[in-house]
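Trainee: The structure is given below, and queries will be raised subsequently.
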Amino acid sequence: MEKRLMLFIFSLSVLLFGCSTVNDTLETRSSLVRTSNPNPIAVNNKDEKLVGDIKETALSIDGIYDVAVIKGEAKDCLVAFKVHHLERFRMKKIEKQLTKELQKQFKDLSFTVSSDFKIFLESVRLNEKVEKENLSKEKKEKRLQEIIKLSREKT
């Protein structure tokens, strides 16, 4: 009986500690189940208005309720979004419509558009890091490129 109890306690502790995320704040963890409305990030401060316009354009698409935008040093721009639950059946159509609208309005940028929760979560994490720490342009750009590379991986 004692061995079973010890095995149960060990299994429970492994489960609890193994599934916890150490570096995530409460806001990061809850960003997937509620609207987090992260501020758009521009690696260059001169692009602040541009990223705001990109976010407004993305939010104007029917079905999208939360958007994370990160604009890189050059032409790279990541747009991660979440759709309402019943709109998930039209996810690819919404993604295609968003990409088309962004390319039409902002011709000189190269967009990476993703509806993947992992990409959205990584964008929110970068946003929190930018707000808490004064990250250099190089670190922001490096993390943006890592997220873009992650979004292009096929599962």
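No lab work stands behind these numbers, since they all come straight from the coordinates. In this text, all values refer to a predicted model and were calculated from it rather than measured experimentally.
Trainee: By a straight-distance test (C-alpha under 25 Å), which lysines pair with Lys100 as possible cross-link partners, with residues fewer than eight away in the same chain excluded?
Mentor: Of all the lysines, those that pass the test against Lys100 - Cα under 25 Å, at least 8 places apart if same chain - are Lys46, Lys49, Lys55, Lys71, Lys75, Lys82, Lys92, Lys118, Lys149, Lys154.
Trainee: Between 0 and 90 degrees, rounded to the nearest ten: what's the tilt of helix 48-59 against the longest Cα principal axis of the chain?
Mentor: 70 degrees
Trainee: Then there's this: Suppose we look only past 29 Å in the calculated P(r) of the chain. What percent of the Cα-Cα pairs does that tail hold?
Mentor: 25 percent
Trainee: Relative to the longest principal axis of the chain, what angle (0 to 90°, nearest 10) does the C-alpha long axis of helix 2-18 take?
Mentor: Value to nearest ten degrees: 10.
Trainee: Compute the helix-to-body angle for 91-105: its Cα long axis versus the longest principal axis of the chain, expressed 0 to 90° and rounded to tens.
Mentor: 30 degrees
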